Structure formats: C-alpha cells, structure tokens
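Since the structure comes first, as structure tokens, the remarks are kept for the end.
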Amino acid sequence: MDQLFTAFEGASLGFWLWFVPTFLVVWFVPSLLAIFFNRPHLKLIFLANIPAGMSMIAWGGCIVWALTGKVWQGKKATSSGV
C-alpha cells in the first residue's frame, strides 16, 4: 500500500488531469448508461451508484439495473374467488 501512496505522491499535474476524469467516468458508468437509455429510475440509480463504486458486486448490480431498467417489486398477492 505504501508503494501506491508513493506513486501518487510523485504524480505530475498532467497525470491527475487525466486520472481524475477517467476515474469519475468509470465510477459513474451505470448512471451514464441510465441517462443514455432514458431510465425512469435515473435518480435512484445515481444515488445507488455513489457508494456502489466501492464494491464491484454492487457496481455490477447498478449496471444491470441501468441496462434493464427493472426494479425488483416482490411477489404481489392475487385475490382468488375461492
């Protein structure tokens, strides 16, 4: 971990001008996909995407949500005339 911090300490301004925008675009890929596909749950996808970037599983779930546009609603009870 110290090597990573050392590498970032010696980074130039050009590196940071390239790295930060690229990092943010990759982090918010699910939100960008939701915008592109005009999903009705864009706000929820964006809010879920903020912490989900730290977990590849949650981030992948946000991508699936943005691509399919489906929200899990559970099983609805049906009324039967018995």
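Which order do peptides 62-70, 18-26 fall in by mean Cβ count within 10 Å, highest first?
Highest to lowest by the protection proxy: 62-70, 18-26.
If one takes the longest principal axis of the Cα atoms in the chain, at what angle in degrees, from 0 to 90 and to the nearest 10, does the Cα axis of helix 56-68 lie?
Once rounded, one gets 50 degrees.
Return, ordered by residue number, the residues of segment 3-41 whose backbone nitrogen is under 17 Å from a label point located 7 Å along Cα→Cβ of V64.
Under 17 Å, as judged by backbone N against the label point of V64, lie 30-31, 34 of segment 3-41.
How high is the relative contact order of the chain, given as a whole-number percent (alpha carbon pairs under 8 Å, six or more residues apart)?
The value is 26 percent.
Dimensions of the chain along principal axes (Cα, Å, largest first)?
The Cα atoms of the chain stretch 74, 28, 15 Å along the principal axes, largest first.
Just so you know, all these numbers are worked out from the coordinates, no wet-lab data involved. Not measured: the values here are computed from a predicted model. Methodologically, a virtual Cβ is constructed for each residue, glycine included, from the backbone with ideal geometry; neighbour enumeration extends over all protein chains shown.
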